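For reference, the structure is listed below as structure tokens.
The values are calculated or read from the model by the stated rules, or taken from the named source; none is laboratory data. Nothing here was measured: the structure is a model prediction, and the numbers come from that model. Positions of Cβ are backbone-derived with ideal geometry, glycine not excepted, and every protein chain shown enters the neighbour counts.
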2 protein chains.
Amino acid sequence: MTALSAPALAAALRDIGARRYHHLHPFHRLLHEGRASKGQVQAWALNRYYYQVMIPVKDASLIARCDDSAVRRAWRGRLVDHDGLDAADGGIARWLKLTDGLGLERAEVTALARLLPATRFAVDAYVHFVREKTLLEAIASSLTELFSPQIISERIAGMLANYDFITPDTLAYFTSRPAQATRDADFALDYVQRHARTPPAQQAVLAALQFKCDVLWAMLDALHHAYVAPGHVPPGAFVPTPSDMQSARG
Amino acid sequence: MTALSAPALAAALRDIGARRYHHLHPFHRLLHEGRASKGQVQAWALNRYYYQVMIPVKDASLIARCDDSAVRRAWRGRLVDHDGLDAADGGIARWLKLTDGLGLERAEVTALARLLPATRFAVDAYVHFVREKTLLEAIASSLTELFSPQIISERIAGMLANYDFITPDTLAYFTSRPAQATRDADFALDYVQRHARTPPAQQAVLAALQFKCDVLWAMLDALHHAYVAPGHVPPGAFVPTPSDMQSARG
């Protein structure tokens, strides 16, 4: 077995995305095509909020184990993106504009008490992965950002077109993300291309991206199971009000 | 807020079980009532195998952080129960008799490559909980064993009565477990009653049991979603052969 060239490694990573990234999940199609009820959009935003709040914890965990000042400096930008310059700025604050716009109480969202347990387990698995695997694998697991600009552009267009409870202001999170994600993915891809030079290292990089696709997929599986079909909400998790469970398009 | 008496704490723990233990989950009812197909039983056994192999890792993690020799000595029995005295003995070996009896290849089961990612995330969350929370919470999270003898007796009776591919020999795991679980649950309940004397400690104990119920519930939610309804198997996970997906009772 010989090592892949840098372009071949990038192609193999993109192939994983083409087959396993969550743009293929039925819940996302439902969400983007306007077939989700307001309650389903609420459940998605409330659960995804846990992912948002844990991303800077994940990134700080990565920085904390990195002995290369240049990598730490570059990765630090992600903390700024998510935590912002003050409480009104950054990705977490912008996600709360979305949950506000959907009519969810901030206290209910930020208490994290109505999450699906499976959301918590999947997101925490990502944080533990970054803490426990090699730095190379930790960096590689961020590479789903190679694929996020496309899904975000579809989401903005689809949600604005299809839901009267969605406005450009509530989607502020997504308008900021593609440029950040592209910058971050370029850095991470360059890092793994330079550091994964042997077949075992390249296999580890590919497995890390597949793991991360599994995290995102499992989050949508849990939402779909609880709020779409068969619609079994686990004990204690968020229950939309019945009037919000009617589909946007009937 | 005053502390609960020891019997009141036990009653509060049993109340969580009555409301949130996975005997209430639709997948278990399907399994026990003979309405599961062989493929669904295979998927359950293959995924639950990961829980079985991680239980001794969880227990060793608990022993590793315990500075009380008497507790370590008592907890050590759990390692013997699961890992056995030799490779043919113990709970993991007995679980493989079940997967053998269901016609699954041992290599496929033990490779862990066809697990639902959600199974891995939920089980790993349990291991991390035991490593990261207080020793009291780690011990309390084992208390689902208060409820397992009943579910196991229902499972043995229901599975033997309803599935021609299940024999007493393939269910050897379950015939050993109730006595072990009762002994272990008695020890753990006594420990938490003696050590959780303040309201915050008691709340932490109750939350630990609730967390553990969430782990077991999430495992069944993932199985139900993938193999029952709507039947969306995540990329890369086990797919039963079509002939094994016909219900045992048509």
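Before moving on, here are some points about what is shown:
- Residue satisfying all of: in the range A:103-121; among the aliphatic types (A, V, I, L, M) and under 19 Å from the mean Cα position of the chain (by Cα); surrounded by the fewest Cβ atoms within 10 Å (Cβ to Cβ) among these: A:L112
- Lone qualifier among B:S148, B:S176, B:S141 - being closer than 18 Å to B:F27 by Cβ and among the polar types (S, T, N, Q): B:S148
- Residue in the range B:186-198 that is surrounded by 15 or more Cβ atoms within 10 Å (Cβ to Cβ) and within 14 Å of chain A (Cβ to nearest Cβ) present: no
- Inter-residue pairs, beta-carbon under 7 Å, first of a type in the set (D, E) and in the range B:144-159, second in a helix (DSSP H, G or I), 6+ apart: B:E145/B:A181; B:E145/B:D184; B:E145/B:A185; B:E154/B:H32
- Test: residue in the range A:228-241 that is crowded, with 20+ Cβ neighbours inside 10 Å and in a helix (DSSP H, G or I): no
- Residue-level check: of (1) more than 14 Å from chain A (Cβ to nearest Cβ); (2) exposed (fewer than 14 other Cβ atoms within 10 Å of the Cβ), B:A138 misses just (2).
- With respect to (1) surrounded by fewer than 22 Cβ atoms within 10 Å (Cβ to Cβ); (2) modelled with pLDDT of 95 or more; (3) more than 14 Å from every other protein chain (Cβ to nearest Cβ), the lone exception for B:S247 is condition (2).
- Counted residues, the range B:195-224 - those being part of a helix (DSSP H, G or I), over 20 Å from the mean Cα position of the chain (by Cα) and in contact (Cβ under 8 Å) with a residue 40 or more places away in the chain: 5
- Listed conditions (1) closer than 30 Å to A:A3 by Cα; (2) within 14 Å of chain B (Cβ to nearest Cβ) are all met by A:A222, apart from (1).
- Criterion violated by A:R76 - all others in (1) out of contact with any strand residue (DSSP E or B) (no Cβ under 8 Å at 6 or more places or on another chain); (2) touching a residue at least 24 places away in the same chain (Cβ under 8 Å); (3) of a type in the set (D, E, K, R) satisfied: (2)
- Residues in the range A:151-172 that are among the polar types (S, T, N, Q) and out of contact with any Leu (no Cβ under 7 Å at 6 or more places or on another chain) were compared, and the one that is farthest from A:L30 (Cα to Cα) is A:T167.
- Taken as a whole, the condition of being touching a Ser or Thr at 6+ places or on another chain (Cβ under 6 Å), of a type outside the set (F, W, Y) and within 14 Å of chain A (Cβ to nearest Cβ) applies to B:V130.
- Test set (1) farther than 29 Å from A:A10 by Cα; (2) modelled with pLDDT of 95 or more; (3) surrounded by fewer than 22 Cβ atoms within 10 Å (Cβ to Cβ) - A:D164 fails condition number: (2)
- Consider the range B:202-215 and keep the residues that are crowded, with 22+ Cβ neighbours inside 10 Å and not polar (S, T, N, Q). The one that is nearest to the other protein chains (Cβ to nearest Cβ) is B:D214.
- Pairs, first at the interface with chain B (Cβ under 7 Å from one of its Cβ atoms) in the range A:114-127, second surrounded by fewer than 24 Cβ atoms within 10 Å (Cβ to Cβ) and charged (D, E, K, R), C-beta under 7 Å, six or more apart: A:A125/B:D124
- Residues that are small (G, A, S) and surrounded by fewer than 19 Cβ atoms within 10 Å (Cβ to Cβ), drawn from the range B:69-102: B:S69, B:A70, B:A74, B:G77, B:G84, B:A87, B:A88, B:A93, B:G101
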